[in-house]
1. Give the residue, chosen from 149, 114, 127, that is surrounded by 14 or more Cβ atoms within 10 Å (Cβ to Cβ), acidic (Asp, Glu) and either more than 30 Å from residue 315 (Cα to Cα) or touching a residue at least 60 places away in the same chain (Cβ under 8 Å) (or both).
2. Answer with yes or no whether residue 305 is under 24 Å from residue 263 (Cβ atoms) and without any contact (Cβ under 8 Å) to a residue 40 or more places away in the chain.
3. Would you point out the residue of the stretch 157-172, among those that are more than 24 Å from the chain's Cα centre (by Cα) and of a type in the set (Gly, Ala, Ser), that is nearest to residue 323 (Cα to Cα)?
4. Given the residues 114, 99, 77, which is the only one that is of a type in the set (Asp, Glu) and farther than 30 Å from residue 263 by Cβ?
5. Based on what the data block shows, is residue 163 without any contact (Cβ under 8 Å) to a residue 24 or more places away in the chain and surrounded by 18 or more Cβ atoms within 10 Å (Cβ to Cβ)?
6. In the stretch 77-86, what residues are part of a loop (DSSP other than H, G, I, E, B) and without any contact (Cβ under 8 Å) to a residue 60 or more places away in the chain?
7. Which condition breaks for residue 132 when tested against (1) surrounded by 15 or more Cβ atoms within 10 Å (Cβ to Cβ); (2) not assigned by TED's automatic domain parsing to the domain that holds residue 208?
8. What about residue 144, is it in a helix (DSSP H, G or I), β-branched (Val, Ile, Thr) and over 30 Å from residue 319 (Cα atoms)?
Amino acid sequence: MGGDQPSGRFSLRESPTAGEVSLVLARFGLGEALEVGEPKRGSGGSVVVRTPAGRFLLKRHQSPSERRRLAHAAHDELARQGYPVAPAALMPGPEAGRETVIGARTYEVFRWVEASAYDGSIGATAEAGRVLEWFHRLLAAVRVPGAPEHQDAPIAALALAAGVRLGASAAGVLRRLSLGHADAMRRVRELGWDSWPRVVVHGDWHPGNVLYAGGRVAAVVDLDSCRLGPRALDLANGALQFSMDLHGGAGRTPGLDGSRLAAFCRGYESAREAVISTAELESLPWLMIGALVVESLEAIAGTGRLGGMEGEAALQMVDAQAAWMQRESGRLRAIVGGG
């Protein structure tokens, strides 16, 4: 592997180069890379590396941020209280923090967690909801000066960037998705969004970030998106991600699996301490639409793809699913418990 100093300009979705990996491993004293691969799920900027010292996840960031300081504080509090959180980032030296800076880039290295992926079962889905409520409860009082707060997504800019990627044929779909997102967020604000308490939210609660062993959550990973916001953000994103049915059946519009959706929400509410307002529950279908649109446009704007689908086909699928969720919003409210 080469040892070139990384340049300052790069895309966050690009994987670290061989030279970067070699430099970071040397900084952490982990030896030479024997094998390097892409994580099965997750954002760009990460690789799985096997060295003589074991397997590790190497993550690259553009610059130090208050968000990661909040992530570190959240991790420490969760670990202190016995929550199943993945091990903390390694330290490159006894006097160092959890990050190392090389050139214009910042890196973290985590020991790889050996556990099973989400299997789509009702039990695993309810468990994901239960552990999310526990996450919120344990971090209710955690604050870090300057910690990032939730900001509304720049839908117009994301739609424009996706349109540049896909061309004029996508304009109509992008407009529908933008209008649908605006309508969903208007409805959420009418339910009291601005007055709901801000807590530490995970910010990326999806099946790839929840690992299992023996039917229970063994480790929650990737706290990079932690921020202060209404807990309904996490609850809605989790409800969407753990119940999504992207492909549907033959001739059937993609939608959501109602059984898994109900299981996730019942799991969240299963703790005696869990108190969810009716307004929060009623907001979930609309927040789920918002999350679907934002995450899809971010991926398409960044790479021209969504998961394994080409951008235009993916956009059509997202459009169909968003329309289905809008039509079925009353039924979805009943499933999640909002009446």
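1. 127
2. Considered against the rule, which asks whether it is under 24 Å from residue 263 (Cβ atoms) and without any contact (Cβ under 8 Å) to a residue 40 or more places away in the chain, residue 305 comes out as no.
3. 172
4. Step by step, each of 114, 99, 77 is checked, and only 99 is of a type in the set (Asp, Glu) and farther than 30 Å from residue 263 by Cβ.
5. It is true that residue 163 is without any contact (Cβ under 8 Å) to a residue 24 or more places away in the chain and surrounded by 18 or more Cβ atoms within 10 Å (Cβ to Cβ).
6. Correct list: 81, 82.
7. Residue 132 satisfies all of (1) surrounded by 15 or more Cβ atoms within 10 Å (Cβ to Cβ); (2) not assigned by TED's automatic domain parsing to the domain that holds residue 208 except (2).
8. Against the criterion (in a helix (DSSP H, G or I), β-branched (Val, Ile, Thr) and over 30 Å from residue 319 (Cα atoms)), residue 144 does not qualify.
The values are calculated or read from the model by the stated rules, or taken from the named source; none is laboratory data. All of these numbers come straight from a predicted model, not from anything done at the bench. Cβ coordinates were reconstructed from backbone atoms using ideal geometry, including for glycine residues, and neighbour counts include every protein chain displayed.
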